[in-house]
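Here's the structure, in structure tokens; my notes come after.
The values are calculated or read from the model by the stated rules, or taken from the named source; none is laboratory data. Being a predicted model, the structure only gives us computed values, none of them experimental. A quick note on method: Cβ atoms are made from the backbone with ideal geometry, for glycine too, and the neighbour counts reach across all protein chains shown.
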Amino acid sequence: MQIGVFGNHDSWYVRDLVRAGTERGHQIFPLLYEDFSSNIQAGQSRFRCGELCLNPLHTILVRTMPPGSLEQVVARMDLLAGLESTGVKILNPPRALECAVDKYLTTQRMAIAGLPVPDTVVCENSEIAMKAFESLGGDVVIKPLFGAEGRGVMRVSDPELAHRAFRTIERLGAVIYLQEFLNGPRFDLRLLLLDGNLIGSMKRIPREGEFRANISQQGTGMPHLPTDGELHLAQQAAEITGTVFAGVDLMYDEENRPVIIEVNAVPGWKGLQAACRVDVAARLFDWIDATRDLR
């Protein structure tokens, strides 16, 4: 099969996918969004990446959704959706990417479905944010609406620092997204799912003096056997967001109840693979091979 991979060409993940796909006899094409284009002519849509026509590909794996202007991000999603409509399998599907890339939209859908999420406020006004800071207990986590690997996430418990942070975000014309800080056990859980089935799960423990447990923030990962409740919660989160390949992050609150923190539609697996000793890229291509006729 011919399979495309949207990702940075020097990315470890792209190299790992090329390795696993080539081992199984597939032809793998690394792709860049800046080369992505569409040509509509005589009622037909043709999609290209540079000189490569994408319409004949069987599958495209989305390994990144880099920052860009609103128009650029919307156009990428539109192009992926258009390509999907021609019969090319997109992993994850564009609608899942649109949901999971937006932290608030993900949290909102979880809440509407009755799944446990942290108390959350999103706004554009620093004064509203300050009232939210107080209502959330004066100890909050501020997150960028779009982002991954814990980048740009900060914990604030001082009112003056909170006000400065909110004012700065407001002046930048960005969205203020804040959640209550969960005073539960000092770890989080990452469950990696493929089509609802567990590939692996790890417990992540933050380094000393840090509250973020992400492996990219020097957190320590160790294998974890999820409980039936944890696995069911992760499966529900993946189903609600439409993510076929999903990294679901859970934490426990101070009453020892599991809470959904995030659903990642472009999940990393380098740390989980090392902790759980599972070849994630191989599992991914095994699934593609097993479902190759379900287009």
Selection status of G4, of a type in the set (G, A, S), surrounded by 16 or more Cβ atoms within 10 Å (Cβ to Cβ), assigned to a strand (DSSP E or B) and touching a residue at least 12 places away in the same chain (Cβ under 8 Å)
yes
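Among the residues of the stretch 240-257, are any touching a strand residue (DSSP E or B) at 6+ places or on another chain (Cβ under 9 Å), part of a helix (DSSP H, G or I) and modelled with pLDDT of 95 or more?
Taking the stretch 240-257 first, the residues touching a strand residue (DSSP E or B) at 6+ places or on another chain (Cβ under 9 Å) are 240-241, 243-253.
After this cut, where a residue has to be part of a helix (DSSP H, G or I) as well, the list is 240-241.
Checking which are modelled with pLDDT of 95 or more leaves us with 240-241.
Yes; the residues of the stretch 240-257 include at least one that is touching a strand residue (DSSP E or B) at 6+ places or on another chain (Cβ under 9 Å), part of a helix (DSSP H, G or I) and modelled with pLDDT of 95 or more.
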Across the stretch 36-46, the tally of residues that are surrounded by fewer than 14 Cβ atoms within 10 Å (Cβ to Cβ) and touching a Phe, Trp or Tyr at 6+ places or on another chain (Cβ under 9 Å) stands at 2
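A quick yes/no check of all residues on (1) free of Cβ contacts under 8 Å to residues at least 12 places away in the same chain; (2) part of a loop (DSSP other than H, G, I, E, B); (3) in contact with a Phe, Trp or Tyr (Cβ under 6 Å, 6 or more places away or on another chain):
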{"residue": "P30", "(1), (2), (3)": "no, no, no"}
{"residue": "E34", "(1), (2), (3)": "yes, no, no"}
{"residue": "L57", "(1), (2), (3)": "no, yes, no"}
{"residue": "P66", "(1), (2), (3)": "no, yes, no"}
{"residue": "M77", "(1), (2), (3)": "no, no, no"}
{"residue": "L97", "(1), (2), (3)": "no, no, no"}
{"residue": "M110", "(1), (2), (3)": "no, no, no"}
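Have a look at T227, T220 and point out the one that is modelled with pLDDT under 90, among the hydroxyl-bearing types (S, T, Y) and surrounded by fewer than 17 Cβ atoms within 10 Å (Cβ to Cβ).
T220
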Residues to consider are C53, C49; find the one that is buried (at least 20 other Cβ atoms within 10 Å of the Cβ), more than 27 Å from T241 (Cα to Cα) and over 20 Å from the mean Cα position of the chain (by Cα).
C49
